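Engineer: Take a look at this one; I'll ask things after.
The values are calculated or read from the model by the stated rules, or taken from the named source; none is laboratory data. Quantities reported herein were computed from a predicted structural model and do not represent experimental measurements. Glycine also receives a Cβ, built like all others from the backbone with ideal geometry; neighbour counts cover every protein chain displayed. Heavy atoms of the whole protein, side chains included, go into the accessibility calculation; ligands, DNA and RNA do not. Shrake-Rupley method; radii C 1.70, N 1.55, O 1.52, S 1.80 Å.
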Amino acid sequence: MKSKVQFLSKVQGILFALISSGTFGLIPLFTLPLRQEEGMNELSIVFHRYVLSAGFIAILCLVDRKSLSISFQSFIRLFFISIFYAATAVGLVYSYNYIPSGIVTTIHFLYPVVVVFLMAFFYKEAASKRLLLIAFLAIIGVGFLASSGGGGSQYLQGIEFQFIVLGLLIALATAFTYGFYIVGLNFRGIRELDSKVVTFYVLVFGALFYALFAQLTSGLQWVPSAKAWLNLGLLALFPTVISLITLMLAVRKVGSTITSILGAAEPIVAVLCGVLVFDEAFTMGSFIGLGLVVAAVTLVMLDAAKKKQKQKGIS
């Protein structure tokens, strides 16, 4: 009976991880109209997205009668991991200025490997060779998906070598910042909190971080139209509130390592959005990448089923 409960919990965790990465992949669907049609800059979009998302979470907590009060220890630790989460988004935005987005995406998706080693270092979790192999399979798949998006090399024209190196280093840094965020969800004082409470503070701290950063750089823009508010609302609800809450639930049920590997579902959704909504090409590279990522996700699910069978045999 206990093994059955554990297996169902793992299945739930895998589903939560896929929902999290899948909804996160919807970001281009709502962001591109804001950039291209409304002329909003990246920091303004992210700031309004986080403020609206925090408002949604506050309403959910009010309906559930969930208190947002936390201990000082939890406050400090949430502030700490929120910096890593916010830094990831800023790093991705700025790396696009120096190197093609496909290369950025591929380098960023080294974070499952970072998570494996961080979990081994902080929590003495065994670095499974099988999970490492699955992680690399997912990364290769993401590489194919990213490189098939087109528009690659022309972005490098006129950019000096040192700036290309800078872009590569920033992209690599995002793999570590996001890896630290996912591992940080396991910290004592955070893992005991309700997922909505954790998400609320991550969003509030993130909004403050982006507001400060925007004031020091490009400044914040007002939302220009009702259509922009609609896109921001959908951006806040699906790729932010739902994605962050299910990410937290996935980490609690299957751990940081498996959750990070299943994050490879994100570019699949992003590619499908590009093909179905923005008339982008679906190339052979897209097909190969899709197949590799699906294979990686399937292997994770089979691994959970295999452990279930072993537990049955022991009991």
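Engineer: Give, in whole angstrom and from largest to smallest, the semi-axes √(5λ) of the equivalent ellipsoid of the stretch 183-301, with λ running over the eigenvalues of the Cα gyration tensor.
Structural biologist: Working: eigenvalues 157, 129, 30 Å².
Its equivalent ellipsoid spans semi-axes of 28, 25, 12 Å.
Engineer: Counting only chymotrypsin sites (Phe, Trp or Tyr not before Pro) that are in a DSSP loop and have at most 14 other C-beta atoms within 10 Å, tell me the longest site-free stretch of the chain. Mind showing how you got there, number by number?
Structural biologist: Working: sites that count: 222, 278, 282.
Within the chain, the longest run free of exposed chymotrypsin sites (Phe, Trp or Tyr not before Pro) spans 1-221.
Engineer: For a label point 7 Å from the Cα of residue 60 along Cα→C-beta, name the residues of the stretch 161-205 whose backbone N is under 16 Å from it.
Structural biologist: From the stretch 161-205, the list is 193-205.
Engineer: Something else about it: Modelling each spin label as a point 7 Å along the Cα-to-Cβ direction, I'd like the residue 32/residue 192 distance in nm, to one decimal.
Structural biologist: Here the answer is 4.6 nm between the modelled labels.
Engineer: Given a Förster distance of 51 Å, report the FRET efficiency between residue 279 and residue 6 from their Cβ-Cβ distance, rounded to the nearest 0.05.
Structural biologist: Values: r = 45 Å, r/R0 = 0.89.
Result of the calculation: an efficiency of 0.70.
Engineer: Can you compute the charge dipole magnitude of the stretch 31-92 about its Cα centre, using +1 on each Lys and Arg Cβ and -1 on each Asp and Glu Cβ, nothing else charged? Give it in debye, rounded to the nearest 20. Before the final figure, lay out the partial values.
Structural biologist: On the way: 5 positive and 4 negative charges, 62 e Å.
Roughly 300 debye, rounded to the nearest 20.
Engineer: Along the stretch 169-178, what does the Karplus equation 6.51 cos²θ - 1.76 cosθ + 1.60 (θ = phi - 60°) give for ³J(HN,Hα), rounded to whole Hz, x for Gly and Pro?
Structural biologist: For the stretch 169-178, the Karplus-derived couplings read 5, 5, 4, 5, 4, 5, 5, 6, 5, 6 Hz, x marking Gly and Pro.
Engineer: Can you list which of the trypsin sites (Lys or Arg not before Pro) found in the stretch 58-116 are DSSP loop residues with at most 13 other C-beta atoms within 10 Å? Numbers along the way, then the final one.
Structural biologist: Details: sites: 65, 66, 77; in loops: 65, 66.
The qualifying sites are 65.
Engineer: Could I ask something else about it? Which value in Å does the Kirkwood hydrodynamic radius of the chain take, with 1/r averaged over all unlike C-alpha pairs and then inverted?
Structural biologist: Working: mean 1/r = 0.0495 Å⁻¹.
It is 20.2 Å.
Engineer: Say the dipole of the chain comes from +1 at the beta carbon of Lys and Arg and -1 at that of Asp and Glu; which of 31, 184, 289 then lies farthest toward its positive end?
Structural biologist: 184
Engineer: Still on this structure: For the pair residue 302/residue 72, report the inter-label distance in nm, with labels modelled 7 Å from Cα in the Cβ direction.
Structural biologist: Label-label distance for residue 302 and residue 72, simple model: 5.3 nm.
Engineer: I'd like the FRET efficiency for residue 165 and residue 132, computed as 1/(1 + (r/R0)^6) with the beta carbon distance as r and R0 of 41 Å, rounded to 0.05.
Structural biologist: It comes out at approximately 0.90.
Engineer: Tell me the mean residue ellipticity at 222 nm calculated for the chain from its helices only (DSSP H runs of n ≥ 4, each -39500 (n - 2.57), averaged over every residue, nearest 500). Write down the numbers at each step before the final one.
Structural biologist: Values: 13 runs with 239 residues, N = 315.
My calculation for the chain gives -26000 deg cm²/dmol from helical runs alone.
Engineer: Please compute the per residue accessible area over the chain with all protein chains in place, 1.4 Å probe, rounded to a whole number of Å².
Structural biologist: Values: 15420 Å² over 315 residues.
Roughly 49 Å² per residue, with all protein chains present.
Engineer: For a bin width of 5 Å, list the pair-distance distribution of the stretch 1-129 built from all Cα-Cα distances, rounded to whole %.
Structural biologist: Taking all Cα pairs of the stretch 1-129, the binned fractions are 2, 7, 9, 15, 20, 18, 14, 9, 4, 1, 0, 0 percent.
Engineer: In addition: Could you compute the FRET efficiency for residue 225 and residue 287, with r as their C-beta to C-beta distance and R0 at 45 Å, rounded to 0.05? Let's see the in-between values first.
Structural biologist: Working: r = 38 Å, r/R0 = 0.84.
So the FRET efficiency works out to roughly 0.75.
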